[in-house]
Amino acid sequence: MRIALFATCFNDTMFPDTPRAVVTVLERLGHTVEFPVEQTCCGQLHVNTGYQREAIPLVRLFTDTFAGYDAIVAPSGSCVGMVREYHSRVAEVAGDPGLAAAVARVAPRVYEFSELLVDVLGVTDVGAYFPHRVTYHPTCHSLRMLKVGDRPLRLLRAVRGIDLIELPAAAECCGFGGTFALKNADVSVAMVGDKVRHVRDTGAEVLCAGDNSCLMHIGGALSRLRAGVRTLHLAEILAATEPAAADHVQVSDVEPIR
Amino acid sequence: MTATFLGTPAFPEAAKRALQDTQLRANLAHATATIRSKRAVVVGERPDWEELRLAGEALKDQVLRHLDTYLVQLEEKVTAAGGTVHWARDAAEANRIVVDLVRATGETEVVKVKSMATQETDLNGALETAGISAWETDLAELIVQLGHDQPSHILVPAIHRNRAEIREIFLAEMGKVGEPAPPDLPAEPRALAEAARRHLRQKFLRAKVGISGANFAVAETGSLVVVESEGNGRMCLTLPETLISVVGIEKVVPTFADLEVFLQLLPRSSTGERMNPYTSIWTGVTPGDGPQAFHLVLVDNGRTTSLADPVGRQALRCIRCSACLNVCPVYERTGGHAYGSVYPGPIGAILTPQLRGIESEIDKSLPYASSLCGACFEVCPVRIDIPEVLVHLRARVVDAERGGVPSAEELAMRSAAWMFGDHRRLESAQRAAGLGGRLFRRGRIGRLPFPFSKWTDARDAPVPPAESFRAWWRRTRGTRR
Ligand code: SF4
């Protein structure tokens with residue numbers, strides 16, 4: 001099976017540890033991962049803000065880049081949601097049946113990381129070790145658009161040493177919503193305030209999710225409050241192993257995984 | 001749509017004010033949490049809930065596909081049963097028809113059952129101008145009317161008020177327009193309801209004209225259906241001599257049997273009850289029983305414009321249950337007034353811009369009044385994909401602004417699209433960001449200039465890493481893909 005990594009522009013640029021962790025986990029499981037360098041962005045920022053026309057070339061680039069693969073994996077529920085639910089709409093706006101056909105071929109093969117592991121590769125125990133108190137936020141697009149259900153939690157429960165604590169009101173949005181966080185900053189802050197309160201109520205030291213955009217939002221608020229809670233993408237917890245874990249927890253957010 | 005909301009500022013500004021109202025925040029958080037959990041319980045009881053939703057969606061879509069046929073059939077059946085059907089293109093025409101009908105009876109007051117359609121047309125305002133007093137008889141609607149207020153919720157228009165506020169409104173206002181509230185009125189639900197009951201009783205017994213909306217209009221039989229909880233609807237629909245029902249054209253359902261689906265979906269989604277206490281169904285007039293004159297006013301008011309939009313038209317499936325409001329994290333914090341329309345919350349954000357257009361600041365901002373979390377779609381009994389319509393309407397807002405001097409946002413979006421158009425351009429940008437990131441000490445950024453200050457006012461921002469993923473890939477994996 002040819003697996004391609006869609007790192008997503010946001011992770012590629014801002015959170016490279018996450019796609020690196022995806023590579024680590026998949027290679028540990030014996031798979032080869034390819035990174036087609038032509039990839040850029042799924043167009044989510046543009047589509048969700050109303051700039052569908054600007055997204056047309058991005059959708060075309062995406063389908064061209066990933067046409068030859070059996071499975072395309074992305075460590076972001078919202079980017080996968082964009083590809084699977086909205087690329088066909090953009091092709092319609094473009095009025096391009098060729099593009100629509102290409103989207104219909106590629107989009108169903110795009111998986112969120114936990115979907116690839118559980119559904120395609122059939123694993124829940126990826127051999128990770130992470131001896132920390134963790135709570136999990138099921139981001140809106142993973143939960144309601146992709147319906148990943150308890151897949152991420154099944155993966156986390158199989159991690160050795162983990163102390164997994166349920167997050168109260170977990171399904172409620174953190175208030176990120178892309179440009180919503182800027183356009184409706186006041187409402188967004190009111191929402192993240194409640195999310196932060198629930199995270200702190202768990203006493204967890206790590207907040208985990210499958211989308212770094214939501215984590216950047218909640219993490220930004222936690223950091224402002226000096227809450228003493230770190231944010232970590234699911235892939236990075238799954239990539240942690242016994243000798244490496246002790247190292248990893250001491251480095252700051254901007255350092256690469258060793 | 002109604003004029004009373006015009007002049008509402010764009011959603012972000014209106015929301016900012018609402019967010020500072022601690023009483024409103026407390027009232028809403030409590031009320032929406034209560035209805036949410038009631039709904040979850042009664043919906044959870046039904047193993048076939050998803051099938052019911054699919055059936056509701058399919059029925060409404062069938063209606064919308066053949067709306068012309070069903071409406072003509074409805075007109076024939078209502079007429080054959082002794083009713084009169086009137087067609088109104090817009091709010092002004094609907095109001096004019098109703099005012100003329102009331103005038104023809106010689107009456108100067110009417111009793112009203114809660115109706116979104118007449119809220120939408122601001123019928124009460126039109127009646128007042130014509131010298132006709134319209135008395136709202138739904139408890140929450142009465143609170144809004146007595147408080148010279150605007151509704152803030154589809155089902156519970158006074159959801160933004162708590163009992164203490166309601167008591168004050170009753171004490172101050174009831175006496176001015178009818179039977180006063182007792183001076184020792186306590187802020188107890190039972191006592192408040194009793195005061196409203198006494199106040200309204202006189203009006204019910206005196207009124208010669210009743211005005212209602214309808215939840216459903218059955219094409220096959222010409223029957224109209226009103227579901228309610230308080231019994232005020234039953235009074236308004238049966239006691240007066242003349243009944244005028246103002247109904248949006250999308251409220252038609254094909255057959256009587258289709259009510260089976262909707263009368264299961266609506267109460268469970270709406271009040272969180274298995275069945276609502278009162279369901280009134282009537283067909284034309286029945287000699288010697290109930291109103292002897294019945295008028296049905298069918299209102300378009302922007303609905304056919306929405307119908308012409310393949311993505312937007314699903315909003316016309318709405319049965320006004322308000323489940324989407326109760327689960328919306330934005331609505332829960334801002335309340336309904338910030339939406340500048342009688343239709344607040346997620347459904348308002350997709351319906352108002354379709355009915356009113358996207359010219360005013362508030363209407364342009366409504367499609368953006370959502371984080372696209374999808375909680376509304378998940379509960380909607382007729383499966384309206386509200387996030388999909390929001391995204392679609394955002395594109396309409398953006399496209400309508402194109403052609404002039406591009407806004408800062410448009411320029412930013414265009415340059416982002418250019419950068420993402422080729423991976424080599426993205427790589428240059430990443431290198432620049434990585435260099436920029438070195439200016440910061442490792443950790444987080446606490447302050448950024450406008451517009452990013454909107455972010456950093458309350459949230460730290462991450463520092464771009466020195467090495468992007470793709471740079472690491474190339475460094476460690478070489479040219480291998
Ligand atoms: S959009 Fe759906 S959930 Fe919202 S009021 Fe209408 S029917 Fe109910």
Problem - segment A:133-253, relative contact order in percent, only Cα pairs under 8 angstrom and at least six apart counted - result: 28 percent
Practice task
Taking the dipole about the Cα centre of chain B, with the C-beta of Lys and Arg at +1 and of Asp and Glu at -1, give me whichever of B:Ile362, B:Ser223, B:Ile249 is farthest to the positive side.
Solution key: B:Ile362
Exercise for the section: Run the accessible area of segment A:133-253 with a 1.4 Å probe and give the carbon-and-sulfur part as a rounded percent. Expected result: 51 percent
Practice task
Treating the angle as unsigned and between 0 and 90°, give the value, to the nearest 10°, between the Cα long axis of helix B:163-177 and the longest Cα principal axis of chain B.
Solution key: 40 degrees
Exercise for the section: For every helix of n ≥ 4 consecutive DSSP H residues, a contribution of -39,500 (n - 2.57) applies; sum these over chain B, divide by its total residues, and give [θ] at 222 nm rounded to the nearest 500 deg cm²/dmol. Expected result: -15500 deg cm²/dmol
Fill in the blank from the handout: Here the FRET efficiency for A:Arg197 versus A:Glu242, based on Cβ atoms and R0 = 51 Å and rounded to 0.05, is 0.90
Exercise for the section: Evaluate E = 1/(1 + (r/R0)^6) for A:Arg105 and A:Lys147, where r is the Cβ-Cβ distance and R0 equals 30 Å; express this FRET efficiency to the nearest 0.05. Expected result: 0.85
Problem - Area projected by the alpha carbon convex hull of segment B:21-83, averaged over all directions, nm² - result: 8.1 nm²
Handout entry: Fraction of antiparallel bridges per DSSP, the protein assembly as shown only, in percent to nearest 5
Key = 20 percent
Practice task
Could you order peptides B:272-280, A:113-121 by the average number of other Cβ atoms within 10 Å of their residues, highest first?
Solution key: A:113-121, B:272-280
Handout entry: Debye, to nearest 20: dipole size of segment B:72-198, +1 on Lys, Arg Cβ, -1 on Asp, Glu Cβ
Key = 200 debye
Practice task
Report B:Leu224's accessible area, 1.4 Å probe, all protein chains in place, as a number in Å² to the nearest 10.
Solution key: 0 Å²
Exercise for the section: Would you mind giving the mean number of other chain beta-carbons within 10 Å of the Cβ of each residue in A:33-40, as a whole number? Expected result: 5
Handout entry: Nearest 10 degrees, 0 to 90: helix B:259-270 Cα axis against chain B principal axis
Key = 60 degrees
Completion exercise
For chain B, the longest principal axis of the Cα atoms and the Cα long axis of helix B:91-105 enclose an angle in degrees, to the nearest 10, of 10 degrees
Problem - Residue (of A:Thr135, A:Asn212, A:Ser188) at the positive-pole extreme of segment A:133-253, dipole from beta-carbon charges - result: A:Ser188
Exercise for the section: Determine the percent antiparallel among the DSSP beta bridges restricted to chain B, to the nearest 5. Expected result: 35 percent
Fill in the blank from the handout: Mean separation of Cα contacts under 8 Å (at least 6 apart) over the residue count of segment A:3-120, i.e. the relative contact order in percent, is 29 percent
Exercise for the section: Would you please give the FRET efficiency between B:Thr108 and B:Thr79, computed as 1/(1 + (r/R0)^6) with r the Cβ-Cβ distance and R0 = 35 Å, to the nearest 0.05? Expected result: 0.75
Problem - Three-way shape call for chain A based on the alpha-carbon gyration tensor, with the a/c threshold at 1.5 - result: oblate
Fill in the blank from the handout: Across 5 Å bins beginning at 0, the whole-percent shares of Cα-Cα pair distances in segment A:133-253 come to 2, 11, 22, 25, 20, 12, 6, 2, 0
Fill in the blank from the handout: Once all protein chains are kept in place, B:Phe469 shows an accessible area at probe 1.4 Å, nearest 10 Å², of 0 Å²
Exercise for the section: Please list the non-local residues whose amide H lies under 5 Å from the amide H of B:Ser133, H modeled 1.01 Å from N, same-chain partners needing a gap of 5 or more. Expected result: B:Glu109, B:Val110
Practice task
Using the heavy atoms of the protein chains and a 1.4 angstrom probe, tell me the accessible area per residue for the protein assembly as shown in square angstrom.
Solution key: 38 Å²
Handout entry: Computed label-point distance, nm, for sites A:Asp64 and B:Thr238 using a 7 Å Cα→Cβ extension
Key = 7.1 nm
Handout entry: Translational diffusion of segment B:408-477, µm² s⁻¹ [Kirkwood Rh, Cα pairs; Stokes-Einstein; 10 °C; 1.306 mPa s]
Key = 116 µm²/s
Handout entry: Cβ charges +1 (Lys, Arg) and -1 (Asp, Glu), total dipole of segment A:3-120, debye
Key = 140 debye
Practice task
Using only protein heavy atoms and a 1.4 angstrom probe, determine the accessible area buried between B and A, summed over both sides, in Å² to the nearest 100.
Solution key: 6200 Å²
Exercise for the section: Report the label-to-label distance for A:Ala169 and B:Val405 in nanometres (one decimal), using points 7 Å from each Cα along the Cα→Cβ vector. Expected result: 4.3 nm
Practice task
Using a 10 Å cut-off on Cβ atoms, rank the peptides A:194-205, B:283-294, B:149-160 from the highest mean neighbour count down.
Solution key: B:149-160, A:194-205, B:283-294
Exercise for the section: Describe numerically, in nm with one decimal, the distance between label points set 7 Å from Cα along Cα→Cβ at B:Arg96 and at B:Ala130. Expected result: 1.2 nm
Practice task
Any chance you could run the full-extension gain for B:Thr69 through B:Gln20? It's 0.36 nm times the residue separation minus the Cα-Cα distance, nm to one decimal.
Solution key: 12.7 nm
Exercise for the section: Sort by residue number and name the cysteines in chain B that have no neighbouring cysteine Cβ under 4.7 Å. Expected result: B:Cys236, B:Cys318, B:Cys321, B:Cys328, B:Cys380
Exercise for the section: Considering the options B:Val102, B:Trp135, B:Asn162, tell which one lies farthest towards the positive end of the dipole of segment B:11-303, charges being +1 on Lys and Arg and -1 on Asp and Glu at the Cβ, about the Cα centre. Expected result: B:Asn162
Practice task
Please state the charge dipole magnitude for segment A:72-137, taken about the Cα centre, from unit charges on C-beta atoms (+1 on K and R, -1 on D and E), reported in debye and rounded to the nearest 20.
Solution key: 80 debye
Practice task
At 0.36 nm per residue, minus the direct Cα-Cα distance, what do B:Arg46 and B:Ala412 gain on full extension? Give it in nm, one decimal, please.
Solution key: 126.9 nm
Practice task
May I ask you to order A:41-47, B:295-301 by the average number of other C-beta atoms within 10 Å around their residues, highest value first?
Solution key: A:41-47, B:295-301
Fill in the blank from the handout: Note: A:189-197 gets an average of partner chain Cβ contacts (10 Å, Cβ to Cβ) equal to 4
Handout entry: Helical contribution to [θ] at 222 nm, DSSP H n ≥ 4, -39,500 (n - 2.57), averaged over chain A, rounded to 500
Key = -13000 deg cm²/dmol
Handout entry: Ranking by accessible area, most exposed first, for A:Tyr111, A:Tyr136 with a 1.4 Å probe
Key = A:Tyr111, A:Tyr136
Problem - For A:168-177, mean number of other protein chain Cβ atoms within 10 Å - result: 4
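The values are calculated or read from the model by the stated rules, or taken from the named source; none is laboratory data. Every value quoted in this text rests on a predicted model; they were computed, and no experiment measured them. Neighbour counts run over all protein chains shown; Cβ positions are idealised from the backbone, glycine included. In case anyone asks, the SASA skips ligands and DNA or RNA and just uses the protein heavy atoms, side chains included. Shrake-Rupley method; radii C 1.70, N 1.55, O 1.52, S 1.80 Å.
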